[in-house]
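Read the figures in this text as sums done on the coordinates, not as results from a lab. Here the structure is a predicted model, which means the values were calculated and not measured. Ideal geometry is used to build each Cβ from the backbone, glycine not excepted, and the neighbour counts take in all protein chains shown.
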């Protein structure tokens, strides 16, 4: 998952000085994954979430992206030039 484009988009929207919290559906669309994947990541505590009630949860996109960066896999030792 290439997060550089997503980071720029999120930082542009947060440039107003507002802290933007978005819904599960919106974060799923932003990351190009399903809402069920978001549920799984929340349950596994892979991404941070703001829980206002049992049914109302919101996400802070920059924090979610930085949390997902910890799980990025980089291949080492493989020559991709061929």
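Report the residue count in the stretch 42-71 for those that are without any contact (Cβ under 8 Å) to a residue 40 or more places away in the chain and not in a strand (DSSP E or B).
Final tally of qualifying residues: 19.
So, in the stretch 28-40, how many residues would count as being out of contact with any helix residue (DSSP H, G or I) (no Cβ under 6 Å at 6 or more places or on another chain), within 16 Å of residue 71 (Cβ to Cβ) and in contact (Cβ under 8 Å) with a residue 12 or more places away in the chain?
2
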